Every structure is written in structure tokens, then in C-alpha cells.
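Presented below is the structure to which this report refers.
Read-outs: derived from the displayed coordinates by stated rules, not from any lab. It should be emphasised that the depicted structure is a prediction, and the values quoted were computed from it without experimental measurement. Cβ coordinates were reconstructed from backbone atoms using ideal geometry, including for glycine residues, and neighbour counts include every protein chain displayed.
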């Protein structure tokens, strides 16, 4: 089992990489950045995922990061732009609204499509404040009861 | 957890589950919930050490919703 310090370090390595590039690192890169052997990096990644920090998961039966809140490493309908540059995807509609906290002072735009009609949804935020909501009257929906979120994050 | 153009669009959605009607959340409430420290402080160096505390705060906020909406009980 990796130490709490190592788990915290790996968390920071992954999140910072995703903030900068929109892509999650491979465990070999995590190991290199953490200064540990490759296998130790792989184990630390799994230990982090098993630590039940909301919300992150691997592709089933692999060592590949699929989702790392508030981002997704697999494209979703939540396209995130920072200061006009689109290279990130939100984990879900709710987590997309938390992305702006990772880019202080910058304008974060969420472009999505409504799952009912396919028409566009656009939200602009800066430092957690909503600058623009288009159309007005947006609403969120989750079909999984809160008590089941931790068991079913990918489906929530 | 998805965003829709309106509550009407949620109810029209082919995969809307009437049993999960309480999962409809006004946009402003989603913004408020996802502005708590659990979401705000992810870049802090001690985030992982503190996430348990942040999660408790988030649970308390969700529990406020759950007082009237069983769907949100933990």
C-alpha cells in the first residue's frame, strides 16, 4: 500500500497534468515524475483510485485513467474551453461547473448539447461565478440516488 | 449528472426516470453545491489529506436537500 504522502503526490501529478493539457498521464509518467520505479507508480495509481476520493476511475481491467474529476480523459459532450482554447472534457455536467476553480482569473466556457433535443448549452464562468447561461433556465439531472453515487460514479 | 436546457427537457428526455424525479436540480443549486471546498480546493497541496473533511461538508449540504427529498439522503 502506498503511503498517504505518495497518494497525495500522485493525485497532484495527475490533476496538474490534466489542468495543463486535458490529458491524464500514463503510470510510467507518474512514476517518473514521482521519482519512483515504474511498478511503484502503477501501484500508487491503483491505491489512489482505491482511496475513494471522489470521483475518479480507470478503464475496467486496465491501468488507464478514464476519469479524474472534474475532467474526463475520454471525450464527453461537455467540452471545456479556457480563455478560448478547447482541449478539456468535463466528467459530467455537474463537475463541469467546478472546472473554473482550477483556472483562477480565467474565463472557462462549457459547451454541451442537451440530451433531449441536441440543441446547444453554453455556460461561461470565472472563479466560480456564472457569467453567462445560455439558454436561461438550465437544469441539472441525476438519475442515481445520492446514496449510490460512490458505488456507481460512472453511471451517476 | 447532466445539464439540460430546462426542466421540461429533462422530463421529455427518453431516459428520464420518473422514480428519480427528485434528481432534478435547479442550475443555481448545482453551481452552489459544486462550489464547496471539495471542488474548490483540488489544487491545494493538502487536498487529499483534507478531502474527508471536505466530503463531510458536502454531505451536510446535500443533507439539507435530503431533509425534504429522500433521493438525496446519504
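At-a-glance table
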| quantity | calculated |
| --- | --- |
| Value of [θ]222 nm, deg cm²/dmol, for chain A, DSSP H segments ≥ 4, -39500 (n - 2.57) each, nearest 500 | -8500 deg cm²/dmol |
| Rg(Cα) / (2.2 N^0.38 Å) computed for region A:4-65, rounded to two decimals | 0.99 |
| Ranking of B:13, A:57, B:72 by count of other Cβ atoms within 10 Å, fewest first | A:57, B:13, B:72 |
| Folded to 0 to 90 degrees: helix A:4-21 orientation relative to chain A principal axis, Cα | 40 degrees |
| Estimated [θ] at 222 nm from DSSP helical runs (n ≥ 4, -39500 (n - 2.57)) normalised by residues in chain B, nearest 500 | -14500 deg cm²/dmol |
| Average partner coverage of A:141-154, which counts Cβ from other chains inside 10 Å | 6 |
| Cβ crowding within 10 Å averaged over residues, with B:16-26, A:109-119, B:31-41, A:127-137 ranked highest first | B:31-41, A:109-119, B:16-26, A:127-137 |
| Distance between region A:105-146 and region A:57-84 - C-alpha centres, whole angstrom | 17 Å |
| Label zone at residue B:8 (point 7 Å along Cα-to-Cβ), backbone N below 15 Å, region A:98-123 | A:116-119 |
| Degrees, to the nearest 10: B:47-66 long Cα axis against longest axis of chain B | 40 degrees |
| Burial ordering of A:108, A:38, fewest other beta-carbon atoms within 10 Å first | A:38, A:108 |
| Number of partner chain Cβ atoms within 10 Å, mean per residue of A:10-22 | 1 |
| For B:47-58, mean number of other protein chain Cβ atoms within 10 Å | 3 |
| A:3, A:81, A:143, A:67 arranged by Cβ crowding within 10 Å, fewest neighbours leading | A:3, A:81, A:143, A:67 |
